[in-house]
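Below: the structure, in structure tokens.
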Amino acid sequence: MEITALKDHHAEHWMKAAAIRALAMDAVAEANSGHTGMPMGMADVATVLFEKHLKFDATAPDWPDRDRFILSAGHGSMLLYALLHLTGYADMTLDEVKNFRQWGSRTAGHPEYGHAKGIETTTGPLGQGLANSVGFALAEEVLRARYGKKLVDHYTYVIAGDGCLMEGVSQEAIGLAGRQRLSKLIVFWDNNDITIDGSVGMADVTDQVKRFQASGWHVQEIDGHDPEAIDAAIADAKAAGKPSMIACKTHIGLGHAAQDTAKAHGALTDKAQIEDTKKVYGWPHGPFVIPAEIKSAWEAIGLRGNPERAAWQERLASVSGTRQAQFAREQAGELPKRLPAALKRFKKEMSETAPKMATRAASEKVLGVINPIMPETIGGSADLTGSNNTKTPDMGVHDPDDRKGRYIHYGIREHGMAAAMNGLALHGGVKPYGGTFMVFTDYARAAMRLSALMGIAPVYVYTHDSIGLGEDGPTHQPVEHLAISRATPNTLVIRPADPVETAEAWEIALSQTTTPTVLSLTRQGLPTVRTEHKTKNLTAQGAYVLAEAEGKRQAILIATGSEVSVALAARDLLQAEGIGTRVVSMPSWELFEMQDEKYRRRILPPGPVRVAIEAGIRLGWDRWLFGERGKREKSGFIGMHGFGASAPAGELFQQFGITPEATAQKAKDLIAGNWQPDPRV
Ligand SMILES: Cc1ncc(C[n+]2csc(CCOP(=O)(O)OP(=O)(O)O)c2C)c(N)n1
């Protein structure tokens, strides 16, 4: 639809949409950076969605039963900021819009979760928002099944661009949504044929309509500037009974000299061109000026959901007190009161029976305690359920035929799983965890990084955490992955040594509300090292003395996970030679870092030589070896210096020198003053 026809036939709509376009142009021009063309192209779709369909109340942005709106094409952030400002979200003042992309503003370059209400997720890395939306829609299904339509009945709407659809993660998301028949997920594709380098055709000839259909979606194609077509398409999408994609043919940079070109993708800052565009729009107002009647029309849209929310509040008040309390607890992300005692009982039993067990198997046992007490957990695995030990019998498999099922078969989609877990966590009311092999952290990383950046708390259950997985070989043996996870800000990495530490690790992970956790778990069996029951969660201190030196303390062995038992055996060797040796179990660097100086000094006192043992690369370990009062010439590392190999685990530990004997020798060399640099492989 051409601009003149739009202006003539849909005058009111046009002016509302023009307000978005004008704000986008003004803010980008003021910041001298940002993306103008996309908000200009999708303003009509967004206006119809907010005016006629989106269930929301700008005065209550956290209303749990609101529809979610996700701008997956996050570079078009001004579209979202304009909508939030116009509809009257208190966080999004005109000053915030004027401070687009400036230090301290809520209007970051790309929408950031937590900066302002109404930003449901952080987007910008293309494809992520779309992949998050699958988690949002899954959370809605699970909660609707549990609480009924009275309390949970909402849609997830997404705007995705060509870039989102080109990213690989989009196929993972689309495939999962299609299989799960997420009928309350509606995606608008901004089909404008333009990316940064030029036309989409330079890099892609995919028939997106057929692609979505092939994955089980309902698809429509419309003129993305025609308000009636947009309205009708949304109505049809709602009735489709499957996830729905609306291909919206749009013009990037509508009405601007750069329309339909890659130039429109960038910052359109030329003053004369902006003025010309505003003339075409019939928008005679200066920068950041929104006429009162247009602002109040938008504010009325912002209040449209108010009665519906009040009715919802009444319905919530009418359910039983227990149910209300449960709903509130789950929404707040609080742990059930019964959980700590149940985990303590589990720990006691493990210490008493001291089984030999892989930590992945221990994790399954712990989940067997947790899941029946926490109906909000949503488990899953990327097609490695039997290997990750992530499923407990009470969960039920989530499926269109069993929406109460709490276990999700994500398929071989590590990235899609992690992104969906972000969506589940952001939706609220559920607590997601999901498993794969630790080495595939690489596949999931972009989404894991966003969990950390957003400050949300999914739990990544990563098993097969070292060469200890054996015969699958170096393609499957993580060596640098602990370091990568530890390098990521706001990420908690826990590598438990036995079933007791595994239970403690889960308790810590589930108590997080603003930090994701990586649980690093073994494939191979390990002895229980915590044979003396302690009610206190020792893992929460990050590191603690597991075995004290007998006689004069000459060596401290610091180990994590499967190498704690190596350290204990090395201690036996050293003690047999009269060398007093302390073993420190250090399941989490981050938690140890948070302890006060006095505690850290108590665990790692100056004086004795230090040897760290971990079947991963050394990067980062120097902090605990040289730092914390340590000395380079009095410290050594037993671990990996390159990639692993395919062989039985026992052989690999021997070949790579991660043994009690090598550890004891290293300690003795250091005590004798024979420090050697690490081998370079
Ligand atoms: C994962 C990722 N890769 C690259 C970018 C950089 N980038 C931002 S927008 C864009 C082009 C997107 O094209 P499209 O989705 O068609 O948006 P439009 O041109 O319509 O605004 C690129 C490559 C990014 N944000 N995320």
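Brief remarks follow.
- Among beta bridges identified by DSSP and lying wholly in the chain, the antiparallel ones come to about 10 percent.
- Linear extension gain, D401 paired with S318, 0.36 nm per residue minus alpha-carbon span: 27.0 nm
- Cα-Cα over 32 Å, subset of K365/K404; K52/K242; K98/K431; K242/K279; K52/K210: K98/K431; K242/K279
- Accessible carbon and sulfur surface of the range 431-481 relative to its total accessible area, %, 1.4 Å: 53
- Near I70, the amide H atoms lying under 5 Å from its own belong to Y157, V158, I159; only residues 5 or more places off or on other chains count, and H is placed 1.01 Å from N.
- Of A22, T47, A60, farthest towards positive along the dipole that unit charges on Lys, Arg, Asp, Glu beta carbons give the range 1-98: T47
- 5 angstrom amide H check on G435, placed H, neighbours 5+ away: G380, S381, A382, V461
- Mean residue ellipticity, 222 nm, helices only, the chain: the sum of -39500 (n - 2.57) across DSSP H runs of n ≥ 4, divided by residue count and rounded to 500, is -13000 deg cm²/dmol.
- Rounded to 5, the percent of DSSP beta bridges in the range 463-600 classed as antiparallel: 25
- Couplings 3J(HN,Hα) for the range 394-409, derived from phi with the Karplus relation 6.51 cos²θ - 1.76 cosθ + 1.60 (θ = phi - 60°), are 6, 6, x, 8, 6, 6, x, 8, 9, 6, 7, x, 10, 10, 10, 7 Hz, where x marks Gly and Pro.
- Think of the chain as having a plus end and a minus end, set by charges on the Cβ of Lys, Arg, Asp and Glu; of A240, T531, G416, T531 sits farthest toward the positive end of this dipole.
- At R0 = 51 Å, FRET efficiency that the Cβ-Cβ distance of K238 and K536 yields, to 0.05: 0.45
- Relative contact order of the chain, pairs being alpha-carbon contacts under 8 Å that are 6 or more residues apart, as %: 11
- Only Cα pairs under 8 Å and 6+ residues apart enter the sum, and on that basis the relative contact order of the range 29-174 stands at 27 percent.
- Beta bridges per DSSP with both ends in the range 543-602, % antiparallel, nearest 5: 35
- At R0 = 41 Å, FRET efficiency that the Cβ-Cβ distance of D394 and A647 yields, to 0.05: 0.60
- The mean sequence separation of alpha-carbon pairs under 8 Å and at least six residues apart, normalised by the residue count of the range 101-175, gives a relative contact order of 29 percent.
- Qualifying GluC sites (Glu not before Pro) in the range 1-104, DSSP loop, other Cβ atoms within 10 Å at most 13: E2
- Taking amide H as placed 1.01 Å from N in the peptide plane, the amide H of M357 sits under 5 Å from that of L526, T528, each at least 5 places away or on another chain.
- Comparing S320, G561, G127 along the charge dipole axis of the chain, the residue lying farthest to the positive side is G561, per the Cβ-charge model.
- Computed 3J(HN,Hα) for the range 415-426, one whole-Hz value per residue from the Karplus formula 6.51 cos²θ - 1.76 cosθ + 1.60 where θ = phi - 60°, is 5, x, 5, 4, 5, 5, 4, 4, x, 4, 5, 5, glycine and proline marked x.
- Only Lys, Arg, Asp and Glu carry charge here, each on its Cβ (+1 for the first two, -1 for the last two); on that basis the chain has a dipole of about 2440 debye about its Cα centre.
- Backbone phi angles across the range 460-477, fed through the Karplus curve with coefficients 6.51, -1.76 and 1.60 (θ = phi - 60°), yield HN-Hα couplings of 9, 9, 10, 9, 6, 8, 6, 4, x, 7, x, 4, 5, x, x, 5, 10, 9 Hz in residue order; Gly and Pro are listed as x.
- Solvent exposure of the chain amounts to 36 Å² per residue of accessible area, where only protein heavy atoms count and the probe is 1.4 Å.
- Rough spin-label spacing in nm, given labels placed 7 Å along Cα→Cβ, for R211 and E334: 4.6
- Rounded to the nearest 20 debye, the dipole magnitude of the range 429-510 is 420 debye, with +1 charges on Lys and Arg beta carbons, -1 on Asp and Glu beta carbons, and the Cα centre as origin.
- A simple charge model with +1 on the Cβ of Lys and Arg, -1 on the Cβ of Asp and Glu and nothing else charged puts the dipole of the range 269-325 at about 240 debye relative to its Cα centre.
- Of M15, M78, the residue with the largest accessible area leads and the full order is M15, M78 (1.4 Å probe).
- Part-to-part distance (alpha-carbon centres) for the range 211-266 and the range 125-195, which is given in Å: 15
The values are calculated or read from the model by the stated rules, or taken from the named source; none is laboratory data. Predicted model, so just to flag it, every value in this text is computed and none were measured. Note: ideal-geometry Cβ built from the backbone for every residue, glycine included; neighbour counts use all protein chains shown. With ligands, DNA and RNA removed, areas are computed over all heavy atoms of the protein, side chains included. Shrake-Rupley method; radii C 1.70, N 1.55, O 1.52, S 1.80 Å.
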